[in-house]
Amino acid sequence: MPRRGSWVRIPSSAPFAFLGNLGVPLMLGWKLLAIPGVVLFAGLLYFTYDTFLETSSSEEQAADGPTTTSSATPVRTRSPTPGSTAPLTPSPAPTAGDAVLVGAGDISSCTQTNDYRTAHLLDSVIASANGEVIVFTAGDNAYEYGTLEEYQQCYDPTWGRHKARTRPAAGNHEYSTGNAEGYFSYFGVAAGDPGQGYYSYELGAWHIIVLNTSNHCQLLLCDGGSPQVSWLRADLEAHPNFCTLAIWHDPLFSSGRVHGSSQYVQPFWDALYASGADAVVNGHEHNYERLAPQTPLGALDPEHGIREFIVGTGGESHYRARPFLSNSEIGDGNSFGVLKLTLHPASYSWEFIPDEFGEFQDEGSGNCHDSPLGS
């Protein structure tokens, strides 16, 4: 839960009636005593301003940003992580063991270094795995505008060292420059058709689906009659795996106070729930939250519901949480980190791994299930 500060009231009155008799020295004394009050007041102002900065969204700032790729430039250029030995080579062939899906959303910016630490978490997960590992992103991967230069200079020195095994999702920041040209140029065929940005793949016994909410479904539609949802239904029918997971940027349910729930993605949930999908991973809200299995209308459904994870913890910034939704099980707005999903043949386990400065952890497991409509 968010940490709370406390406000302190400083008395403004003082017994100046005696100053006439005691003279200037006592007046100077009272002035000196007032200095700590001024310092404390300044500190309170800083606390308020710092809290505002922590919860202010670069999402809103991007609305005033450039509209073409050529006019957006990163703040500074990064160098690769010192001491990194992770090679830029294709993913190794799967070995015996369960597959692992690991990642987060809302990741890199050249104005911060938090993503260096979350990239080291990826290194550790990959090094310790004994099966296939895929890195996912949940959108808003390179701030502020998702340009190719920002991907090359801000994302590539950290998470980019696992580019060959990454299956990305786009967020609204990728579309700040029009049609997400920087995103599709950087990831190439791994990001799917540039005109769509949605695709699917197999990982172990699981079917993984990546969807595209573009600029909050304004550029690439998400309604029930859209080409994307039609594709989703057909893809689910063509891949009747017992275990299914979907990834996209904007969450249907969120306790976050900056963006909150995004009802325009409910058609995604409608199709996934009807087919018996098990889990959804999102970003957008810069915190971590896990919700109990639910229906698309938000009713608790332990038998056939979809479990939702929000993992906007890749490094860009933190958002504080508001009171949690009724089916929210746990959440945190103070730790950067990654979500590790170990995919068993008929079940899965999750672990939120914080960076070296984070204290929050979450872990558990769930079973795959059939469609509520029957097989």
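The values are calculated or read from the model by the stated rules, or taken from the named source; none is laboratory data. Model, not experiment: these values are computed from the prediction. In this analysis, Cβ positions are derived from the backbone assuming ideal geometry, glycine residues included, and neighbour counts consider all displayed protein chains. Side chains are part of the model used for accessible areas, which takes the heavy atoms of the whole protein and leaves out ligands, DNA and RNA. Shrake-Rupley method; radii C 1.70, N 1.55, O 1.52, S 1.80 Å.
Assuming R0 = 51 Å, what is the FRET efficiency of residue 361 and residue 179, from their Cβ-Cβ distance, to the nearest 0.05?
Efficiency computed from Cβ-Cβ geometry: 0.85.
What ranking of 200, 109 comes out by heavy-atom accessible area, probe 1.4 Å, highest first?
Result, largest first: 200, 109.
Using the heavy atoms of the protein chains alone and a 1.4 angstrom probe, what is the accessible area of segment 148-214 per residue in square angstrom?
Ligands and nucleic acids excluded, the figure is 27 Å² per residue.
Going by average Cβ density within 10 Å per residue, which order do the peptides 211-222, 163-174, 120-131 take, highest to lowest?
Packing order, densest peptide first, comes out as 163-174, 211-222, 120-131.
Can you tell me the accessible area per residue over segment 219-300, all protein chains present, probe 1.4 angstrom, in square angstrom?
32 Å²
What percent does the relative contact order of segment 136-277 come to when contacts are Cα pairs within less than 8 Å and at least six residues apart?
Reported as a whole number, the value is 22 percent.
Based solely on C-alpha atoms, express the radius of gyration and the Dmax of segment 93-165 in angstrom.
12.8, 40
Assuming 0.36 nm per residue, please report the length gained on full extension of the stretch residue 226 to residue 196 beyond their Cα-Cα distance.
Full extension of this stretch gives 9.6 nm more.
Treat each spin label as a single point 7 Å out from the Cα along the C-beta direction, and report the residue 237 to residue 219 distance in nm.
With each label placed 7 Å out from Cα toward Cβ, I get 3.0 nm.
Among DSSP bridges having both ends in segment 153-250, what percentage is antiparallel? Round to the nearest 5.
In segment 153-250, approximately 50 percent of DSSP beta bridges are antiparallel ones.
How large, in percent, is the carbon and sulfur part of the accessible surface of segment 168-226 at a probe radius of 1.4 Å?
53 percent
Could you order 326, 335, 347 by accessible surface area, starting with the largest, using a probe radius of 1.4 Å?
Highest to lowest solvent-accessible surface, that is 326, 347, 335.
Largest first and in whole Å, give the semi-axes of segment 145-254's equivalent ellipsoid, each being the square root of 5 times a Cα gyration tensor eigenvalue.
Three semi-axes, in Å: 24, 18, 11.
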